[in-house]
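K.L.:
The structure under discussion is supplied below as structure tokens; questions concerning it will follow.
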Amino acid sequence: MAEVKLSAELRNDFGKGAARRTRRDNKVPGVIYGHGADPKHVAIDSHSLMMALKTPNVLLRLDVAGKSELVIPKAVQREAIRGFLVHVDFLAVKKGEKVTVEVPVVTEGDLAPGGNLLEHILNALPVEAEATHIPEGVTVSIEGLEAGHTIRAGDIELPRGSSLAIEEDAAVLQIVAAQTEPVEEEAEEAEEAEEAVAEAAPEAEETPAES
């Protein structure tokens, strides 16, 4: 994975108010931690960081006050409605170091015909990889699979140098049958119940009241 170079400023003001002021300046507040060092509070240009984070587990080379920091994003907070970046935690890494990350699961191919549906039990797969060679994702073929088939973590071929950070029998993808008949049956039962009520209503009106 190629490095993305970004400039970062050290932050001396903390708290919600300071974070809001940072975002008003079109910058994202963040923290760099790892290797037993004291956390560094930084601010990074919002647009540049947003573009970089389009790549999962992107390797960033941050220029912080004239010093180079190699990091990966570990926790990205976004505003719930508009999706802009609120805060990012970065993990400091170095070449040769192993890290545990989650990589996206990408499917290819078409399921067997007949109303089969694909269910993602896990959208990302936890793996351990060398910090400067983190895979962008894993690809799984679902070609011709039918309902009842389950793809587990141990079934997925990982890129060279990566290993699972989850149990091999953990379910990742599942093929299920589309269920339409129960919905139709429920609608028919509701219609029959309404007709029964309508037919019973006149009879109830004709019944003489008890004195």
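K.L.:
Hey, among Lys27, Lys5, which residue is under 24 Å from Glu130 (Cβ atoms) and charged (D, E, K, R)?
P.N.:
Unique residue meeting the criteria: Lys5.
K.L.:
Restricting the search to the range 107-125, which residues are within 12 Å of the chain's Cα centre (by Cα) and part of a strand (DSSP E or B)? Spell out the reasoning first.
P.N.:
Narrowing the range 107-125 to residues within 12 Å of the chain's Cα centre (by Cα): 120-125.
Result: His120, Ala124, Leu125.
Every residue, every condition in (1) on the phi > 0 side of the Ramachandran plot; (2) open to solvent by less than 70 Å² (accessible area, probe 1.4 Å); (3) part of a strand (DSSP E or B), yes or no:
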site: Phe14; (1), (2), (3): no, no, no
site: Ala19; (1), (2), (3): no, yes, no
site: Gly30; (1), (2), (3): no, yes, yes
site: His41; (1), (2), (3): no, yes, yes
site: Leu60; (1), (2), (3): no, yes, yes
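K.L.:
So, one more: Take Glu9 and decide whether it is within 27 Å of Thr139 (Cβ to Cβ) and open to solvent by 70 Å² or more (accessible area, probe 1.4 Å).
P.N.:
It is false that Glu9 is within 27 Å of Thr139 (Cβ to Cβ) and open to solvent by 70 Å² or more (accessible area, probe 1.4 Å).
K.L.:
Examine the range 109-129 for a residue that is at positive phi and open to solvent by less than 50 Å² (accessible area, probe 1.4 Å), and state whether such a residue exists.
P.N.:
Residues of the range 109-129 at positive phi: 109, 114-115.
When the remaining residues are screened for being open to solvent by less than 50 Å² (accessible area, probe 1.4 Å), the result is 109, 115.
So far as the range 109-129 goes, yes, one or more of its residues are at positive phi and open to solvent by less than 50 Å² (accessible area, probe 1.4 Å).
K.L.:
Ok, one more. Look at Leu60 and say whether it is touching a residue at least 40 places away in the same chain (Cβ under 8 Å), farther than 30 Å from Glu157 by Cα and of a type outside the set (Val, Ile, Thr).
P.N.:
no
K.L.:
State which residue is nearest to Ile134 (Cα to Cα) when the search covers only the range 43-58 and only residues that are open to solvent by 60 Å² or more (accessible area, probe 1.4 Å) and not in a strand (DSSP E or B).
P.N.:
The first filter runs over the range 43-58 and keeps only residues open to solvent by 60 Å² or more (accessible area, probe 1.4 Å), leaving 45, 47, 50-51, 54.
So of that shortlist, the ones also not in a strand (DSSP E or B) come out as 47, 50-51, 54.
Numbers: His47: 23, Met50: 19, Met51: 18, Lys54: 15 Å.
Checking each candidate, the answer is Lys54.
K.L.:
If a residue has to be modelled with pLDDT under 95, small (Gly, Ala, Ser) and under 30 Å from Asp63 (Cβ atoms) to count, how many in the range 83-122 make the cut?
P.N.:
The qualifying residues number 2.
K.L.:
For the range 75-90, what are the residues that are surrounded by fewer than 19 Cβ atoms within 10 Å (Cβ to Cβ) and in a strand (DSSP E or B)?
P.N.:
Ala75, Val76, Gln77, Arg78, Val86, His87, Asp89
K.L.:
Can you find even one residue in the range 99-108 that is acidic (Asp, Glu) and either crowded, with 19+ Cβ neighbours inside 10 Å or closer than 21 Å to Gly137 by Cα (or both)?
P.N.:
The answer is yes, given that some residue of the range 99-108 is acidic (Asp, Glu) and either crowded, with 19+ Cβ neighbours inside 10 Å or closer than 21 Å to Gly137 by Cα (or both).
K.L.:
Right, something else. I'm told Leu125 meets every condition in (1) under 19 Å from Ala75 (Cβ atoms); (2) modelled with pLDDT under 95 except one. Can you identify the failing condition by its number?
P.N.:
Result: Leu125 passes all but (2).
The values are calculated or read from the model by the stated rules, or taken from the named source; none is laboratory data. This one's a predicted model, so the numbers in the text were calculated from it and none came from an experiment. Cβ: placed from backbone, ideal geometry, glycine included. Neighbour counts: every protein chain shown. For accessibility, only protein heavy atoms count, side chains too; no ligands or nucleic acids. Shrake-Rupley method; radii C 1.70, N 1.55, O 1.52, S 1.80 Å.
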